[in-house]
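S.K.: The structure is given below, and queries will be raised subsequently.
Values in this text are rule-based calculations from the coordinates and carry no lab data. None of these values were measured; they are calculated from a predicted model. Positions of Cβ are generated from backbone atoms using ideal geometry, with glycine treated the same way; all protein chains shown enter the neighbour counts.
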Amino acid sequence: MAQSGNPTTARLSGLVIGVGAVLIIGFFVLALSTFAGLPPLKSLLTPHAVLSAPEFAAAVEVAVQSADPARGERLYSQYACSACHLPESMGTAPMIKGMGERAAGRRPNYSAAAYLYESIVDPNAFVVPDYPAGVMIQNFKETMPERDAYDLVAWMLKQ
Ligand code: HEC
């Protein structure tokens, strides 16, 4: 009985409860940001995803230097990108005209080439505003040879 009135014990248990509460709240914040994918918390917790170029950027930059834009244009028809991406009008998908210029400003710290490459191999990494996710073909990463992706990027950069 004497113990419960002891001020030191009271302070200590206050401290334990305080630390416990912080840990529990911290756990829920982490769990929420991980599983519910809350964007602001997620970007705070993984700053490298926002503050630096994606890891494939340098390789894409080099590959696109020696890529073949004329072949890219033919691939655009062969892969039927043209079914959705029209030359000069925004329809089912963003138009081809101005693609390179828009690509440069789409994601922070992404070069235009890195962004275009990512749009082909991982289309949901960034979904263009006002367009639905999941319409752009999702499995080019498995079905398209790397060289084709680079040639397509080289061509789109010039549009
Ligand atoms: C079935 C329709 C469809 C096909 C086929 C398609 N796309 Fe897309 N694509 C979309 C849609 C819709 C978006 C916008 C939504 C998004 O970001 O996923 C998009 C977005 C893009 C973007 C980003 C454009 C921007 O303005 O930021 C690129 C680059 C792109 N596609 C390239 C291609 C290439 C290259 C092919 C062919 C190899 C292709 N797409 C085939 C529907 C399609």
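S.K.: Where does each of 116-129, 78-91, 144-157 land if you order them by average Cβ count within 10 Å, highest first?
M.R.: Averaged packing, sorted descending, gives the order 144-157, 116-129, 78-91.
S.K.: What whole-number value in cubic angstrom gives the convex hull volume per residue for the C-alpha atoms of the range 52-157?
M.R.: So the per-residue hull volume is 93 Å³.
S.K.: Right, here's the next one. Along Cα→Cβ, 7 Å out, is where each label goes; now give me the distance between the ones at Arg106 and Glu88 in nm to one decimal.
M.R.: Going from the Arg106 label point to the Glu88 one covers 2.3 nm.
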